[in-house]
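Chemist: Encoded as structure tokens, here's the structure I'll be asking about.
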Amino acid sequence: MLQSCTEKYTDNSDEKMFRFIFFCDCCGAPFEAPPIPFTEGRLAGTPTDTEIELWMLRWQKEHAQAFARANEEAAVHFFGCPGCGKYICPTCVISTRLPTGQILDRCPDCAMRSIRYRPFQMVGPQKEAKDKEDVHGTWRKITAPFNKTFQE
């Protein structure tokens, strides 16, 4: 069995082309790897059993190679969470600022489990305008990138 970087993938390969679709481990968003043609194509005429067997062996070998290449492309497209190892799409990544000032990207599950979870805060003119609206000493709501509201 082929091992995918994501938990779920679909193999839509046929006798002419190798096609793979990988899905985000968080939201299920698809990523379709570029199709890879099979070099042998179809068997012409009436092939013998030996020709069919050789063709199938070549197809299986190229299929494994095509899957490895598509899997590498999926691993580049998706983000590997350092906390749990899930591969997630760019829209599911939560960026958090550590007390040291470093930025850590994680999946929503790992970001929520973190005790020090703080979504990015606004900076520049937008932050200054928002600060003028806030009343001193009150909790200010921050909207995280995945449309949930948290308290600072």
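Chemist: Sort ILE103, ILE94 so that the residue with the fewest other Cβ atoms within 10 Å of its own Cβ comes first and the one with the most comes last.
Modeler: ILE103, ILE94
Chemist: For segment 78-93, in order, what is each residue's ³J(HN,Hα) by Karplus, 6.51 cos²θ - 1.76 cosθ + 1.60 with θ = phi - 60°, in whole Hz (x at glycine and Pro)?
Modeler: Those phi angles translate into 7, 9, x, 5, x, x, 10, x, 5, 9, 10, 6, x, 6, 8, 5 Hz.
Chemist: Once R0 is set to 35 Å, what does the formula 1/(1 + (r/R0)^6) return for the Cβ-Cβ distance between ASN12 and LEU104, expressed as a FRET efficiency to the nearest 0.05?
Modeler: Plugging the Cβ-Cβ distance into 1/(1 + (r/R0)^6) gives 0.50.
Chemist: Taking amide H positions as placed in the peptide plane 1.01 Å from N, state which residues far from CYS89 in sequence (5 or more) or on other chains have amide H under 5 Å from it.
Modeler: ASP25, CYS26, CYS27, PHE79
Chemist: Translational D (Stokes-Einstein, µm²/s) of segment 8-77 at 37 °C and 0.692 mPa s when Rh comes from the Kirkwood sum over C-alpha pairs?
Modeler: My calculation gives 249 µm²/s for D.
Chemist: Right, another one. What spacing in nm lies between the two simple spin-label points modelled at THR50 and ARG69, each 7 Å away from Cα in the Cβ direction?
Modeler: Label-label distance for THR50 and ARG69, simple model: 3.0 nm.
Chemist: With Cβ to Cβ distances under 11 Å as the rule, what net charge do the other residues near ILE36 carry (K, R +1; D, E -1)? Intermediate results must be reported in sequence, preceding the final value.
Modeler: Values: positive: LYS16, ARG19, ARG69; negative: GLU62, GLU73.
Combined, the nearby Lys, Arg, Asp and Glu give +1.
Every read-out reported here was derived from the displayed coordinates using simple, explicitly stated rules and does not represent laboratory data. Not measured: the values here are computed from a predicted model. Counting neighbours? That spans all protein chains shown, and the Cβs are built from the backbone with ideal geometry, glycine included.
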